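Asks: Sending over a structure as C-alpha cells; questions will come in a sec.
The values are calculated or read from the model by the stated rules, or taken from the named source; none is laboratory data. The shown structure was predicted, so the numbers you read here are calculated from the model rather than taken from an experiment. For neighbour counting, all protein chains shown are included, and Cβ atoms are generated from backbone atoms with ideal geometry for every residue, glycine included. The area values use the complete protein model at the heavy-atom level, side chains included, leaving out ligands, DNA and RNA. Shrake-Rupley method; radii C 1.70, N 1.55, O 1.52, S 1.80 Å.
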Amino acid sequence: MRTILILFAALAVAGEKPFDVALIDGKPRADQRTLRVAKGDEVVLHWTSDRPIALHLHGYDLKTNVAGKEAVTMRFTANIAGRFPVSEHTHASGHHRAVLYVEVLP
C-alpha cells in the first residue's frame, strides 16, 4: 500500500513546475528573468523578497503581496500560451514595472 501511495504522489506532481524566486531590490536572479513552462503545466511560484512588494501576473490576472523573507506561493495552470509579465504594482498612478516574464510554450 505504501508503494502505491508514493507512486500516486509522484504522478500528482509530474506536470508541476516549481520556481523559487528570491527578489533583491525587486529583481530576480539573471537566470530567472524569463521562466519557461509548457502549456498544461501546473506552475508554482514561491516568492520571497528583501522588501514588501505587490506582484501581478498579467494574462492570468493573479495578484499577491510579498511581505518579506516569508515565502508566498502563486499557483496556476498554464493554459494560455504566450509571454506574460509579472509586474510590481506601486501606489503611484500607472506605475507598473515588469519584474520577470513567464513564457508558456504551446
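Asks: Name the single residue, out of those in segment 10-37 being among the small types (G, A, S) and surrounded by 14 or more Cβ atoms within 10 Å (Cβ to Cβ), that is farthest from A98 (Cα to Cα).
Replies: Within segment 10-37, the subset among the small types (G, A, S) is 10, 12, 14-15, 22, 26, 30.
If we keep only those that are surrounded by 14 or more Cβ atoms within 10 Å (Cβ to Cβ) too, we end up with 15, 22, 26.
Working: G15: 26, A22: 15, G26: 10 Å.
So the residue we want is G15.
Asks: Any idea how many residues of segment 35-56 are out of contact with any Phe, Trp or Tyr (no Cβ under 8 Å at 6 or more places or on another chain), assigned to a strand (DSSP E or B) and touching a residue at least 60 places away in the same chain (Cβ under 8 Å)?
Replies: 3
Asks: Quickly run through segment 57-87 and pick out the residues that are open to solvent by less than 20 Å² (accessible area, probe 1.4 Å) and part of a strand (DSSP E or B). Even if it seems obvious, please write down each step before you answer.
Replies: Taking segment 57-87 first, the residues open to solvent by less than 20 Å² (accessible area, probe 1.4 Å) are 57, 66, 68, 74, 76, 78, 86-87.
L57, V66, M74, F76, V86, S87 - these are the residues of segment 57-87 that are open to solvent by less than 20 Å² (accessible area, probe 1.4 Å) and part of a strand (DSSP E or B).
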